[in-house]
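Colleague: Sharing a structure, written as structure tokens. Questions coming.
The values are calculated or read from the model by the stated rules, or taken from the named source; none is laboratory data. Since the model is a prediction, treat every value here as computed from it, not as a measurement. Using ideal geometry, Cβ is built from the backbone for each residue, glycine included, and neighbour counts are taken over all protein chains shown.
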Amino acid sequence: MLDDRYPLAFRLYPYQQAPDQSHEAHHPVVVLGGGPVGLATALDLGLQGIPVVLLDDHEGPGQGSRAICFAKRTLEIAQRYGCGTPMVDKGVVWNLGKVFRDDAKLFEFNLLPEDGHRFPAFINLQQPYFEKFLFERIEAAIADGAPIDIRGKNRVDGVETRDDLVRLEVTTPDGPYALTTDWLIGCDGAGSPLRKRMGLGFEGQVFEDNFLIADITMDGDFPTERWFWFEPWFKSGASTLLHKQPDGVWRVDFQIGWDIDRDEELKEDKVRARLDAMLGPEVSYDLVWTSIYTFQCRRMTTFRQGRVIFAGDAAHQVSPFGARGANSGIQDADNLGWKLGLVLSGQAPESLLDSYDSERRLAADENILNSTRSTEFITPKTPASRMFRDAVLDLAQDHPFARPLVNSGRLSLPSTYDGSPLNGEDALPDGPARTRPGSPCPDAPLGEGFLLDQLGGGFVLLTLNAGDPAPLEMHGLNVATLNLTGALQPDLRDRYLGPAGSAVYLIRPDQHVAARWQTFDPERVVQALATATGHGS
């Protein structure tokens, strides 16, 4: 259900007839789906000067809050795109979470206990707002000349894949038309009509449980924290989760079991009965939006099918607890964008795109593993797993050693691409583990700003007290240099130097470490650059 006062029904890209609807035009890249991942992918490519057409069968975001927890790494990627700051300004910032059993607090946790980061561990921001900020950044980029074309009410009803291109049949309010593309990026969600039309599998596990979402406005006095109850005293579900969102909206998730009548559970009186038991008679509230979802952990066997590449929920799906869905999808866009850009510009071989598949499948497996463990702890289905869960909860209130075993949803962290074919040497003795090859660069204060702002979106050679090497060039690819010397700020030193007195890092356009050394050696750097761009091993 959707209250007519809900402020998130944005009509961002109303239908307009495109010039090429009268003839079969060709485009370098077509993105299918205008959700967070599709918008981010189009923006990434457009900012590189790559012409891209985005097709969506709607004219803006769907209804309801849906994804709300956006992680620090996602905000860093959005900042590189130029829209991270407004997201944080609108969102509800939080680092602290609390876990309860019945009416007793078991423990609390801080997801970002260290200083020296621009962004918080998480913000809560309704998905339609997240999409709106991405779209507004796309509009600004288009005004500056970025070749991005977003087409609402353009539904793809036919796909023909060939060795050299993909042909699409598109339906619009003005009738059908066809176009061709070198690369089709499928970002059309967990139900992915594209995936189904191509006859591709989506394998994994569907967990026998349902969760009721209720978005409400209320006058209750709850802090800006993530609160999770096991076996809550108000008996509205086997577990319950509470989050604060912008505009005075609160999100409540009730675990309501498997064998249910969905239509019955979504009736207003049933939803209000659960909320009344939780909030008590003294709290007044209004219902904004309700929905029911099922835990699912699934992915495609491979994310690249020739000239069709899948990203986000179209490629992989995890249960919502842990906030891994939208966050991992944005990391898909971040990983794919620079690689496809290099391939289209002739600076890298087409085989570089195979590393998107291998790196992001690794990330998907990591997310599915963590999500499956969370789901099995929250919703135990066997006597043994319930006995284990209950024993952990019994111990956790008084014994700190048991608290790390309490799994109310291991929250999203970026993946480190250990074993990636793009990783070069790790020749920094006792280098910090968090900045080994394959890892995302952690932010750190730098002067009056932050390191990630200085890295930008291209290959960068970062030197720390290791001299000032001349800029490198290979296959027409320029490598920028960032030379830091002197008394480095403690956070920067701890995260990138460790006990070493100097360090050299080759950093990829998605701000993952490609290789690192203690001193600069141009031949070794060129070899690492060749490896990172698919030109060498």
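Colleague: Give just the number: which of (1) part of a strand (DSSP E or B); (2) closer than 19 Å to V29 by Cα does T217 not satisfy?
Modeller: The single condition T217 does not satisfy is (2).
Colleague: Does A444 qualify as being among the aliphatic types (A, V, I, L, M) and either on the phi > 0 side of the Ramachandran plot or out of contact with any His (no Cβ under 9 Å at 6 or more places or on another chain) (or both)?
Modeller: Numbers: among the aliphatic types (A, V, I, L, M): yes; either on the phi > 0 side of the Ramachandran plot or out of contact with any His (no Cβ under 9 Å at 6 or more places or on another chain) (or both): no.
No.
Colleague: Do you know which residues across the stretch 120-176 are more than 28 Å from the chain's Cα centre (by Cα) and outside any strand (DSSP E or B)?
Modeller: R162, D163, D164, L165, P173, D174 - these are the residues of the stretch 120-176 that are more than 28 Å from the chain's Cα centre (by Cα) and outside any strand (DSSP E or B).
Colleague: Here's another thing I want to ask about it. Between V504, V513, which is touching a helix residue (DSSP H, G or I) at 6+ places or on another chain (Cβ under 6 Å), outside any loop (DSSP other than H, G, I, E, B) and modelled with pLDDT of 95 or more? Reasoning before the result, please.
Modeller: Details: V504 fails: touching a helix residue (DSSP H, G or I) at 6+ places or on another chain (Cβ under 6 Å).
Just one listed residue meets the conditions, V513.
Colleague: Working carefully through the options S371, S351, S355, find the one that is hydroxyl-bearing (S, T, Y), more than 21 Å from Y81 (Cβ to Cβ), touching a residue at least 60 places away in the same chain (Cβ under 8 Å) and touching a Pro at 6+ places or on another chain (Cβ under 7 Å).
Modeller: Numbers: S371 fails: touching a Pro at 6+ places or on another chain (Cβ under 7 Å); S351 fails: touching a Pro at 6+ places or on another chain (Cβ under 7 Å).
After applying the criteria, what remains is S355.
Colleague: Sticking with this structure for a sec: What tally of residues in the stretch 358-385 results from selecting those that are in a loop (DSSP other than H, G, I, E, B) and either crowded, with 22+ Cβ neighbours inside 10 Å or in contact with a Ser or Thr (Cβ under 9 Å, 6 or more places away or on another chain) (or both)?
Modeller: 1
Colleague: For residues that are hydroxyl-bearing (S, T, Y) and within 30 Å of H535 (Cα to Cα), scanning just the stretch 470-496, find the one that is modelled with the highest pLDDT. Explain how you work it out, then say what you get.
Modeller: At the first step, the residues of the stretch 470-496 found to be hydroxyl-bearing (S, T, Y) are 481, 485, 496.
Filter once more, keeping what is within 30 Å of H535 (Cα to Cα): 481, 496.
On the way: T481: 92, Y496: 97.
This residue is Y496.
Colleague: Return the residue satisfying two criteria in turn: it lies in the stretch 348-357 and is touching a Ser or Thr at 6+ places or on another chain (Cβ under 7 Å) and not charged (D, E, K, R), and of such residues it is nearest to A323 (Cα to Cα). Let's see the steps before the verdict.
Modeller: Let us first name the residues in the stretch 348-357 that are touching a Ser or Thr at 6+ places or on another chain (Cβ under 7 Å), namely 348, 352, 355, 357.
From what's left, not charged (D, E, K, R): 348, 352, 355.
Working: A348: 33, L352: 29, S355: 25 Å.
Filtering first and then ranking leaves S355.
Colleague: Okay, next question. Go through the stretch 216-229 and report how many residues are surrounded by 22 or more Cβ atoms within 10 Å (Cβ to Cβ) and either more than 22 Å from the chain's Cα centre (by Cα) or not charged (D, E, K, R) (or both). Give the steps one after another, and end with the answer.
Modeller: If we filter the stretch 216-229 for residues that are surrounded by 22 or more Cβ atoms within 10 Å (Cβ to Cβ), which is where we start, we get 216, 226, 228-229.
Those still in the list that are either more than 22 Å from the chain's Cα centre (by Cα) or not charged (D, E, K, R) (or both) too: 216, 228-229.
Adding up the residues that qualify gives 3.
Colleague: W233 fails exactly one of the following numbered conditions: (1) among the hydrophobic types (A, V, I, L, M, F, W, C); (2) within 30 Å of T161 (Cβ to Cβ); (3) surrounded by fewer than 21 Cβ atoms within 10 Å (Cβ to Cβ). What is the number of that condition?
Modeller: (2)
Colleague: For A140, are the conditions met, namely being surrounded by fewer than 15 Cβ atoms within 10 Å (Cβ to Cβ) and among the aliphatic types (A, V, I, L, M)? Full working, then the answer.
Modeller: Values: surrounded by fewer than 15 Cβ atoms within 10 Å (Cβ to Cβ): yes; among the aliphatic types (A, V, I, L, M): yes.
It is true that A140 is surrounded by fewer than 15 Cβ atoms within 10 Å (Cβ to Cβ) and among the aliphatic types (A, V, I, L, M).
Colleague: In addition: Can you find, within the stretch 230-243, the residue that is farthest from the chain's Cα centre (by Cα) among those that are in contact (Cβ under 8 Å) with a residue 60 or more places away in the chain and not in a loop (DSSP other than H, G, I, E, B)?
Modeller: Kept after step one, since they are in contact (Cβ under 8 Å) with a residue 60 or more places away in the chain, are these residues of the stretch 230-243: 230-233, 238-239, 241, 243.
Narrowing the set further to residues that are not in a loop (DSSP other than H, G, I, E, B) leaves 230, 239, 241, 243.
Working: F230: 27, S239: 25, L241: 21, H243: 19 Å.
It comes out as F230.
Colleague: Tell me yes or no: at least one residue of the stretch 23-33 is in a loop (DSSP other than H, G, I, E, B), under 30 Å from P404 (Cβ atoms) and either touching a residue at least 12 places away in the same chain (Cβ under 8 Å) or under 19 Å from the mean Cα position of the chain (by Cα) (or both).
Modeller: For the stretch 23-33, residues in a loop (DSSP other than H, G, I, E, B), under 30 Å from P404 (Cβ atoms) and either touching a residue at least 12 places away in the same chain (Cβ under 8 Å) or under 19 Å from the mean Cα position of the chain (by Cα) (or both): absent.
Colleague: Considering only the stretch 94-106, I want to know if a residue exists there that is among the β-branched types (V, I, T), in contact (Cβ under 8 Å) with a residue 60 or more places away in the chain and touching a helix residue (DSSP H, G or I) at 6+ places or on another chain (Cβ under 6 Å).
Modeller: So in the stretch 94-106, the residues among the β-branched types (V, I, T) come out as 99.
Those left that are additionally in contact (Cβ under 8 Å) with a residue 60 or more places away in the chain: 99.
Applying the additional criterion that residues be touching a helix residue (DSSP H, G or I) at 6+ places or on another chain (Cβ under 6 Å) yields none.
The answer is no; no qualifying residue exists.
Colleague: Now for a different question. For the stretch 302-337, give me each residue that is under 10 Å from the mean Cα position of the chain (by Cα) and part of a loop (DSSP other than H, G, I, E, B).
Modeller: Scanning the stretch 302-337 gives A323, R324.
Colleague: Restricting to the stretch 85-131, count the residues that are touching an Asp or Glu at 6+ places or on another chain (Cβ under 7 Å), surrounded by fewer than 21 Cβ atoms within 10 Å (Cβ to Cβ) and within 26 Å of L45 (Cα to Cα).
Modeller: 1
Colleague: Any residue in the stretch 244-268 that's without any contact (Cβ under 8 Å) to a residue 24 or more places away in the chain: show its pairings with residues that are outside any helix (DSSP H, G or I) and surrounded by fewer than 17 Cβ atoms within 10 Å (Cβ to Cβ) at Cβ separation under 9 Å, as long as the two are six or more apart or on different chains.
Modeller: D259/E208
Colleague: Give me the pairs: first residue in the stretch 521-537 and under 21 Å from G341 (Cα atoms), second residue surrounded by 21 or more Cβ atoms within 10 Å (Cβ to Cβ) and aromatic (F, W, Y), beta-carbon distance under 9 Å, and six or more apart or on different chains, which are they?
Modeller: Sorted first by the residue in the stretch 521-537, then by its partner, the pairs are A528/W517; L529/F459; A532/F459; T533/F459.
Colleague: Among L482, L452, which is the only one that is closer than 26 Å to Y81 by Cα, surrounded by fewer than 18 Cβ atoms within 10 Å (Cβ to Cβ) and touching a residue at least 12 places away in the same chain (Cβ under 8 Å)?
Modeller: Numbers: L452 fails: surrounded by fewer than 18 Cβ atoms within 10 Å (Cβ to Cβ).
After applying the criteria, what remains is L482.
Colleague: For a quick check of your reading of the model, give me the residue pairs whose first member lies in the stretch 151-174 and is on the phi > 0 side of the Ramachandran plot, whose second is aromatic (F, W, Y), with beta-carbon atoms closer than 8 Å and at least 6 apart or on different chains.
Modeller: K153/Y15
Colleague: Still on this structure, please answer the following. Looking only at residues that are of a type in the set (D, E) and more than 16 Å from E523 (Cα to Cα) in the stretch 439-469, which one is modelled with the lowest pLDDT?
Modeller: Pass one, the stretch 439-469, residues of a type in the set (D, E): 443, 448, 453, 468.
Next, from what is left, pick out any that are more than 16 Å from E523 (Cα to Cα): 443, 448, 453.
Values: D443: 96, E448: 89, D453: 95.
The selected residue is E448.
Colleague: Could you figure out which of (1) among the aliphatic types (A, V, I, L, M); (2) crowded, with 22+ Cβ neighbours inside 10 Å; (3) not in a strand (DSSP E or B) isn't true of L462?
Modeller: Unmet condition: (3).
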